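The values are calculated or read from the model by the stated rules, or taken from the named source; none is laboratory data. Worth saying up front: this structure is predicted, and the values here are computed from it rather than measured. Quick reminder, even Gly has a Cβ in these numbers, built from the backbone with ideal geometry, and neighbours come from all protein chains shown. Just so you know, the surface numbers come from the protein's heavy atoms only, side chains and all, with ligands and any DNA or RNA stripped out. Shrake-Rupley method; radii C 1.70, N 1.55, O 1.52, S 1.80 Å.
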Amino acid sequence: HEHLLDARAVHQVERRLRGVGRPPRSTAEMAEWLRRLGDVTPGELEGPMAGFLEELASEGRARLIELPRCDASQRWVLAEEREVYEQAFGLVEATPEQQQEAGSIVLDRFLQTHALVSLPDVLGRYPFESAWAERQLRLWAESGRAVSVPPVADVETVRFSAPENLEQVQRNSLGLLRREVVTCSAPQLVDFVLRW
């Protein structure tokens, strides 16, 4: 079915999910922020975040790791998440099952913290095997863990969303559209009804 998606609403939900414009105010908040997002690149840091991360790193609670074959390969992760990333992207010995399970954790968190994601978005962020990532997103869409949003005029590719995130985008889209509706005067309405 047609999803009501206003680009402004997508942007609003995305910013809220990613915490953009509301940087953490302490190292404890920074750790929670990182736990929710999974990983952040040095380029995504704003305000005092770099200092908080250095503090967490000196306490052994955060690590800067290097992901292979991707843009912005340096990522800050919580120390306890490091193994998940290393298994997901083949940086340590892992069975195919461990690698897929770790990959699913990273991919699911990416989906949960974005309004809408396409396969190119995922592959731009993480060095997943393309066929695996696509299959995973489609399986989740079939099971209801994700929603598949068909291409629209300005977007050529299928996008995926966590059901609750898509619901927020649709609610925000409706709110934006309602604000654009202009009420007419009573005489205009009577005139319209009579002519109709």
Looking only at the range 116-164, count every residue that is surrounded by fewer than 17 Cβ atoms within 10 Å (Cβ to Cβ), in contact (Cβ under 8 Å) with a residue 12 or more places away in the chain, of a type in the set (G, A, S) and out of contact with any Cys (no Cβ under 8 Å at 6 or more places or on another chain) and tell me the total.
3
Filtering the range 106-115 down to residues that are assigned to a helix (DSSP H, G or I) and of a type outside the set (A, V, I, L, M, F, W, C), which residue is most open to solvent (accessible area, probe 1.4 Å)?
Q112
Unmet requirement for F52, which otherwise passes all of (1) at pLDDT 95 or above; (2) within 23 Å of G103 (Cα to Cα)
(2)
Of everything in the range 41-74 that's part of a helix (DSSP H, G or I) and open to solvent by less than 20 Å² (accessible area, probe 1.4 Å), which residue is farthest from F110 (Cα to Cα)?
L56
Under the condition of being surrounded by fewer than 17 Cβ atoms within 10 Å (Cβ to Cβ), at pLDDT below 90 and aliphatic (A, V, I, L, M), which residue from the range 1-40 is farthest from N165 (Cα to Cα)?
V20
Quick one: is V77 under 21 Å from the mean Cα position of the chain (by Cα), at pLDDT 95 or above, among the aliphatic types (A, V, I, L, M) and open to solvent by 20 Å² or more (accessible area, probe 1.4 Å)?
no
With respect to the numbered conditions (1) surrounded by fewer than 16 Cβ atoms within 10 Å (Cβ to Cβ); (2) in a helix (DSSP H, G or I), which one is the sole condition not fulfilled by V92?
(2)
What are the residues in the range 24-45 that are in contact (Cβ under 8 Å) with a residue 40 or more places away in the chain, closer than 19 Å to S73 by Cα and of a type in the set (D, E, K, R), if any?
R35, D39
